[in-house]
Structures are given as C-alpha cells and as structure tokens.
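Trainee: Have a look at the structure that comes next, please.
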Amino acid sequence: MHSVFYTTTRLFLKRAWGGALLAVSVLVLSPLLYRIVYASQSSGRVLANDDLFGVHIMYLVLSSIFFLAVCYYSIQGTHKICMGLPVRSRPIATWMMLATVCLAVILQLVTNGAYRLLFFDSHWLSDYWPLFGPLLFLVTLILVSHAIYWGLYAISFTRALCWAGTVVGLFWWFVARYYPDGFQKSAVSWKQVTLTEFLTLLTVSLGAWYLGTREFANVRSGVAVPSPYWQKMQGWWESVMTGTASASSQRPVSISASLSRLHWRDACQRTVLGSGIACGAAVWVVNLIMMREFGSTLRQWSDGFLTIVGVFGILGGMLSAFQIGEGVCVSGRAEMKTFLATAPLSDREFCRALFRNLVKSVLAIFLLIELGLVMTIVTLLLLKGPSLLDWELVRVSGILLKYACYYLVAFWIIAANVISLFWTGRTWFIYSVIAVMLGLFAFFVGVGSYLERTSIHRLGAPGYSNFMLFLIFFFLLSTLLILGGMIFAYLVACRKKLIRFSTCLLVCILWSTSIALACYFFVSLPGSDLPHEYAREVVDLCIQLFFFAVCSLSLAPIATVPLALHWNRHR
C-alpha cells in the first residue's frame with residue numbers, strides 16, 4: 001500500500017511543480033517589479049501599513065485562486081488512477097485531501113517567506129501580514145472543495161442549495177473576522193485566532209473530511225447518480241449549450257460556416273458562458289462587498305470598481321484562453337482534432353473560420369465581465385436612490401466607458417495571443433515561450449533590483465546610472481524583439497498565403513497611423529538642461545516605446561493565429 005501511495009504522490013508532484021512554480025513566481029516577482037519601478041521614484045517606504053492591509057487582502061484573493069487552480073490541475077491526473085487502487089476508499093480520499101492541503105500550505109509558506117526576505121521587517125506577522133488564520137481557512141476551504149467535488153456526481157437541487165449556502169456562509173464567516181466590531185466599523189487585520197475560531201474551522205474541516213470520504217466511496221462503488229430532476233435540467237442545458245435546441249431551424253450553410261459552428265459548439269460556447277458568467281458574477285459580488293472599503297464618493301467607488309474589473313478581466317482572459325486554446329487538439333496535444341484537421345477547406349479559409357470564433361469568444365467574455373460592472377452600478381442606484389442621479393454620475397460613466405475601451409484592448413492582447421500560442425499544439429514550443437518570458441522577467445527583476453540598490457558610480461554620459469542604462473537597454477531591446485517578431489510573423493504568413501498582401505498593407509497603415517497619433521499626443525522628446533532629469537526623460541521615452549510595442553501585439557494574432565493553425569494542422 002505504501003508503494004502505491006508513493007508512486008501516486010510522485011505523479012501528483014510531477015503534475016504540480018510547473019503550475020506551482022508559475023504561481024509563486026507571479027506572486028513574488030510582480031510586487032518586486034512594482035518596487036523597482038516605483039521605489040526608485042520616491043524616497044522612504046513605498047507603502048504604509050494602511051496600504052499593506054489592502055495589498056494583503058488582494059494577495060489572499062489572488063493566491064487562493066492560483067493555489068486552488070494548481071491543486072485542482074494536479075489532482076486531475078491522479079484521481080482516476082486512485083479509483084482502481086486495491087485500497088479502501090477512505091485512505092485514498094484522505095490521501096488526496098492531504099496531498100492538496102500540503103501543496104497549498106507549502107506554496108503559501110514559500111511565498112510568504114519570500115515576502116519576508118524581500119519586503120517585510122521582523123514584525124510583519126504581528127503588525128500587518130497575518131498568516132495563521134488565513135492559512136487555516138484555506139485548509140478548510142480545500143477540504144470543503146473536495147467534499148463538494150465528489151458530491152457533484154450525485155448532485156440534486158437540494159444538495160446544490162446546501163452547498164451554495166455552505167460556501168456563502170464560510171466566506172461570510174471569513175470576512176467577518178476582519179470586522180470584529182461589526183460591518184459598520186472599519187476593517188482590521190485578523191491578527192489572532194481565538195480558540196472558538198480554531199474549533200469552528202476544525203469542526204467544519206472534520207465534517208468536510210467525513211463527507212468527502214463518504215462521497216468518494218459512493219462514486220467509487222458506482223452508486224452516485226444525479227437526481228432525476230437534475231438530469232432533466234442538465235439535458236435542457238446541454239441542448240442550449242451545444243445548439244441542438246435550434247437544429248430544426250437550420251438553413252443550408254457553407255462548409256466554412258458549418259466548421260465555424262461546429263468548432264464554436266465544441267470548444268468555445270461552454271467556455272464563453274462559464275468563464276464569462278463566473279467572472280461577471282465575481283465582479284458584481286466583490287464590488288458590492290468591497291464598496292465600503294473603496295470610499296464614500298461615487299468617484300472613489302468607480303476607481304475601486306475598475307480595479308476589480310481589471311483583476312478579474314486578467315484572470316478571465318487567461319483561464320478562457322487556456323480552455324479555448326486546448327480546444328483544437330485531442331487530449332495531450334498529440335494531434336489536432338480530426339474534424340478540424342480533415343475539413344475540406346484551404347488553410348486560409350480554415351484559419352478565417354476559427355479566427356471568427358476567437359474574436360466572437362473574446363468579445364462575448366469581455367462583455368459578460370463588463371455586465372458585472374453594469375449590474376454593480378444598477379445595484380448601487382437601487383441602494384442609494386435618486387441622490388446619485390446628477391452630473392457626477394455622467395462624468396463617472398464617461399470614465400468607466402473610457403477605461404472599458406482600454407480594458408478591451410488589454411483583454412484582447414492577453415486572450416488572443418495566449419490562444420494563438422496554444423493553437424500551435426506543440427507542448428515544447430508552448431513551454432519554451434513561457435519559460436523565455438518568465439526568464440526575461442526574472443532577469444529584469446533580478447538585475448534591475450541589484451543595480452537599483454548598488455548603482456552608485458556614473459557610467460557614460462553625465463546623469464546616467466547603471467540602473468538607468470540597464471532600463472534603456474532592456475526596454476529598447478524588448479521593443480525591437482516584439483516589433484521584429486511581428487514583422488517576421490506577417491512576412492511568413494503572407495509568403496505561405498495564409499493572409500492576403502492587402503491585409504498586411506492595411507495592418508501596416510493602421511499601425512503606422514496609430515503610432516504617429518500616439519507619438520504626437522503622448523510622447524515628448526527629452527529636453528531638460530539638467531543631466532539627471534534628461535536621463536530620466538530618456539528612460540521614460542524608452543518605457544513609452546515599449547508600451548507602444550506591447551499595444552502593437554493587438555495586431556499580432558492576425559498573423560500568428562493562421563501560422564499556429566497551419567503548423568498544427570500539417571504536423
């Protein structure tokens with residue numbers, strides 16, 4: 001029995017290490033980059049204790065999402081193997097719970113240890129960064145997730161209602177720890193876990209463990225089935241999701257349109273509805289919960305709402321891109337799905353059909369996320385009444401609309417380029433691109449942090465420090481690499497006749513016009529007489545050029561998507 005669990009643990013760790021490294025790297029390197037960029041522009045401490053409280057809350061949200069996703073991905077490859085082990089069900093279920101709990105705890109400890117070394121002083125745990133209470137809650141949440149996951153095999157409307165109430169009550173209890181004097185008072189850190197709180201979490205954890213082991217045993221024995229009413233509802237939902245409900249009203253369509261519809265039903269529709277509705281609902285709920293912390297005026301609320309929309313927009317864009325990107329290949333990315341690879345279409349028509357679905361998916365998910373913001377504004381109007389109906393609401397609405405356009409461009413850049421990467425179907429290429437990006441990011445953060453701390457002597461022209469020279473070199477090199485890669489992609493796609501020459505010409509005109517307008521309105525050449533200020537203006541100019549290059553990635557999928565699909569289809 002021990003050898004069986006040892007082998008299964010090795011498989012679990014083999015699947016976990018990549019995602020764990022990525023999650024910890026993002027959580028550690030992102031604030032380190034923030035400190036490099038902003039700490040060099042100000043003296044003293046970058047964040048006060050009041051600011052650190054908000055940072056801590058945001059860290060809890062992001063780390064919980066990342067680590068739960070890593071645990072879920074890791075356990076997916078082992079639970080099917082565990083079904084056939086010659087061991088009783090309770091030890092197997094207990095092992096899966098302990099494996100995910102230990103992984104999440106280790107990742108939390110490693111991340112918080114890195115924060116202690118890089119950012120915090122020796123009083124971090126007692127003053128502004130509590131660890132024990134949130135860690136206990138995360139353990140309880142994982143055990144409850146196991147119980148709910150195995151209970152999904154025998155789901156009913158009653159069980160779904162009970163689980164929803166349990167999850168809502170659990171999070172309400174956790175949020176209440178930060179409001180010991182009531183929700184009317186200001187939030188404070190959960191610095192000390194009382195005996196009552198510890199026993200409460202222990203009781204819920206033991207109950208979740210017992211329920212999870214029992215549900216796993218029922219699943220393993222084959223007696224766990226959904227209720228009849230749930231099966232009827234599920235059949236109706238599947239008909240809506242796959243489009244079979246409207247099959248009677250179909251009209252003769254072209255092969256390209258038929259392929260586009262089939263791919264939409266197979267790989268896009270479920271992801272669009274699932275990710276879009278989940279992220280939109282999360283934006284709505286989190287905005288209403290955090291509204292008191294954002295401030296008391298409409299402008300302060302809008303700033304907080306935009307932050308939440310940005311966070312869940314990035315998460316939704318990444319998650320949906322992973323799912324849609326995996327939708328063109330069979331499991332394991334061994335080959336493209338047969339109905340796609342053997343479609344009687346030329347490569348150009350084939351790529352155009354799938355590219356339409358990509359655009360439709362990205363726009364639909366983004367609109368569903370923005371719908372969460374709209375529902376927040378509507379709920380706010382219902383709660384506050386006519387007092388908000390003034391010119392300030394009009395100004396705030398204009399700001400929200402402007403940032404919605406910015407977010408749409410950013411969402412498209414993230415989702416479309418990630419999808420084009422996964423549509424290559426080459427695991428080694430995907431991992432290589434991710435590794436290169438993480439390596440460059442780590443190089444920038446590491447070398448930049450070292451030079452920012454140790455650069456004392458001046459090199460080159462007066463006013464240029466080692467740190468500034470490094471920033472100029474890095475941002476200019478990154479700009480050239482991005483633009484050079486885009487030009488190369490368009491040349492190859494045009495040479496292979498995946499896109500028309502007129503398309504390349506139109507993109508070139510659009511890009512040149514956009515860059516010219518951006519430089520005219522936003523870029524100012526260095527002109528200071530002071531050497532140090534002149535050097536800083538040069539750095540700012542390089543950062544602006546890099547930002548324009550990143551924005552240019554919005555045009556990259558026009559060439560990279562056909563190249564990726566062509567490469568995947570003809571391997």
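Every number in this text was worked out from the coordinates using simple rules, so none of it is lab data. Given the structure is predicted, the values throughout are model-derived calculations rather than measurements. Neighbour counts are summed over all protein chains in view; Cβ atoms, including those assigned to glycine, are modelled from backbone coordinates with ideal geometry.
Trainee: Taking the alpha-carbon set of the range 446-569, what are its Rg and Dmax in Å?
Mentor: Taking only Cα atoms of the range 446-569, I get Rg and Dmax of 18.6, 58 Å.
Trainee: Same structure, new question: Going Cα to Cα from K14, which lysines come in below 24 Å? Please leave out same-chain ones fewer than 8 positions away.
Mentor: Filter leaves K80.
Trainee: Further question: What are the lysines whose alpha-carbon lies under 28 Å from the alpha-carbon of K497, with same-chain residues fewer than 8 places away excluded?
Mentor: Leaving aside lysines fewer than 8 places away in the same chain, those within reach of K497 are K337, K360.
Trainee: By average Cβ neighbour count within 10 Å, what is the ranking of 470-482, 189-201, 303-315 from highest down?
Mentor: Highest mean packing first, the order is 303-315, 470-482, 189-201.
Trainee: What ranking do 264-271, 554-561 get when scored by the average of other Cβ atoms within 10 Å per residue, highest first?
Mentor: 554-561, 264-271
Trainee: Under 5 Å between amide hydrogens, which residues at least 5 positions from C329 or on another chain qualify, with H placed 1.01 Å from N in the peptide plane?
Mentor: Amide H neighbours of C329, under 5 Å, 5+ apart: K337.
Trainee: Long-range amide H contacts for G425: which residues qualify at under 5 Å (H placed 1.01 Å from N, peptide plane, sequence gap of 5 or more or a different chain)?
Mentor: Here nothing satisfies the definition.
Trainee: Could you rank the peptides 518-527, 202-211 by their average count of other C-beta atoms within 10 Å per residue, with the highest value first?
Mentor: Highest to lowest by the protection proxy: 202-211, 518-527.
Trainee: For the range 263-280, in order, what is each residue's ³J(HN,Hα) by Karplus, 6.51 cos²θ - 1.76 cosθ + 1.60 with θ = phi - 60°, in whole Hz (x at glycine and Pro)?
Mentor: Whole-Hz 3J(HN,Hα) from phi for the range 263-280: 5, 4, 5, 7, 10, 10, 4, 5, 5, 4, 5, x, 5, x, 5, 5, 5, x.
Trainee: Right, here's the next one. Expressed as a whole percent, how much of the Cα-Cα distance distribution for the chain exceeds 39 Å?
Mentor: Of the Cα pairs, 37 percent sit more than 39 Å apart.
Trainee: Same structure again: Please report the relative contact order for the chain, taking Cα pairs under 8 Å with a sequence separation of at least 6, and give it as a percent rounded to a whole number.
Mentor: 13
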